[in-house]
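The values are calculated or read from the model by the stated rules, or taken from the named source; none is laboratory data. This structure is a prediction, so every number in the text was calculated from the model and none was measured. Cβ atoms come from the backbone with ideal geometry, glycine included; neighbour counts cover every protein chain shown.
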Amino acid sequence: MPVKTTPRRNSERREESSQRIIEAAITLFAEKGYQRTTLIQIGERAGCTGTLVSNRFGNKERVLRAVLATILNRFQGQTLSERGANEDLSATEQLSRFVALYLKDVVEQQTRIRALYVLMGESLGGLPQIAEEIQRVDELFRAEVEAYLQIGVDAGEFEIPKGQQLITSTLIVGLLRGVATQVLNAPNLLSLDELVENTQVAVKRMIGAGSSK
């Protein structure tokens with residue numbers, strides 16, 4: 001007897017097409033930026049119409065929010081999973097693994113990370129709808145780093161003066177983003193292992209954890 005197949009529900013088809021639209025927008029934002037990308041182009045890249053994109057999301061700003069949410073959800077899911085695997089590690093080791101995770105993700109997810117960085121650049125050009133969303137991205141990234149710093153301070157591993165965790169997290173985020181930008185612009189400049197190792201050393205120096213661990 002032939003095997004009966006269960007028809008796909010409308011909600012499943014809708015979710016799949018929405019994800020295709022988001023992925024298409026990520027690719028186009030990475031290639032062209034937010035300003036020069038249209039809903040029609042997003043639809044064409046996703047294999048649908050600009051009208052469908054408009055009906056599904058309303059406008060390009062909402063597509064932008066969906067793109068950033070997708071990127072952030074992946075990052076936060078990774079970091080939560082990593083924290084669960086880090087419970088038996090020292091604070092220094094946990095932060096070092098976070099650094100490695102971030103830089104490896106830049107290499108493995110270049111299109112998504114490039115899209116994020118292109119949007120960050122555009123946020124400096126006077127587009128308030130982008131600037132507000134990027135500020136939230138920045139806040140979440142700093143908070144993630146600060147969480148690791150607090151673990152180290154509580155454990156007595158990190159030599160961070162009282163009230164200096166925000167500036168320290170800001171500097172660490174700046175270091176990671178600076179390295180990531182160079183990886184995107186010149187992927188063959190240095191090996192990933194070399195970049196990870198030396199970035200970890202620089203972060204350890206920032207937190208007073210030494211450079212030999």
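Would you check if there is a residue in segment 191-204 being at pLDDT below 90, surrounded by 12 or more Cβ atoms within 10 Å (Cβ to Cβ), over 19 Å from Leu140 (Cα atoms) and out of contact with any Leu (no Cβ under 9 Å at 6 or more places or on another chain)?
Looking only at segment 191-204, we keep the residues that are at pLDDT below 90, and these are none.
No, the conditions are met nowhere in segment 191-204.
Let me spell it out: the conditions are (1) surrounded by fewer than 17 Cβ atoms within 10 Å (Cβ to Cβ); (2) charged (D, E, K, R); (3) under 21 Å from the mean Cα position of the chain (by Cα), and Arg97 meets all of them except one. Which number is the exception?
Failed condition: (1).
Starting from residues that are within 20 Å of Ser123 (Cβ to Cβ), under 19 Å from the mean Cα position of the chain (by Cα) and of a type in the set (Val, Ile, Thr), keep the ones in segment 10-63 and report whichever is surrounded by the fewest Cβ atoms within 10 Å (Cβ to Cβ).
Applying the filter and picking the extreme gives Thr27.
Among the residues of segment 64-73, what is the count of those that are of a type in the set (A, V, I, L, M) and surrounded by fewer than 15 Cβ atoms within 10 Å (Cβ to Cβ)?
In the first step, residues of segment 64-73 are kept if they are of a type in the set (A, V, I, L, M); the result is 64, 66-69, 71-72.
Checking the rest, the ones that are also surrounded by fewer than 15 Cβ atoms within 10 Å (Cβ to Cβ) come to 69.
Adding up the residues that qualify gives 1.
Out of the residues in segment 127-142 that are within 15 Å of Arg177 (Cβ to Cβ) and either touching a strand residue (DSSP E or B) at 6+ places or on another chain (Cβ under 7 Å) or among the acidic types (Asp, Glu) (or both), which is surrounded by the most Cβ atoms within 10 Å (Cβ to Cβ)?
Pass one, segment 127-142, residues within 15 Å of Arg177 (Cβ to Cβ): 134-135, 137-142.
In the following step, the residues that additionally are either touching a strand residue (DSSP E or B) at 6+ places or on another chain (Cβ under 7 Å) or among the acidic types (Asp, Glu) (or both) were identified as 138-139.
Numbers: Asp138: 15, Glu139: 10.
Checking each candidate, the answer is Asp138.
Would you mind finding the one in Leu103, Leu116, Leu124 that is free of Cβ contacts under 8 Å to residues at least 60 places away in the same chain, buried (at least 17 other Cβ atoms within 10 Å of the Cβ) and of a type in the set (A, V, I, L, M, F, W, C)? Outline the logic, then answer.
Working: Leu103 fails: free of Cβ contacts under 8 Å to residues at least 60 places away in the same chain; Leu124 fails: buried (at least 17 other Cβ atoms within 10 Å of the Cβ).
Only one candidate passes the filter, namely Leu116.
For residues that are of a type in the set (D, E, K, R) and surrounded by 16 or more Cβ atoms within 10 Å (Cβ to Cβ), scanning just segment 157-183, find the one that is nearest to Ala91 (Cα to Cα).
Glu157
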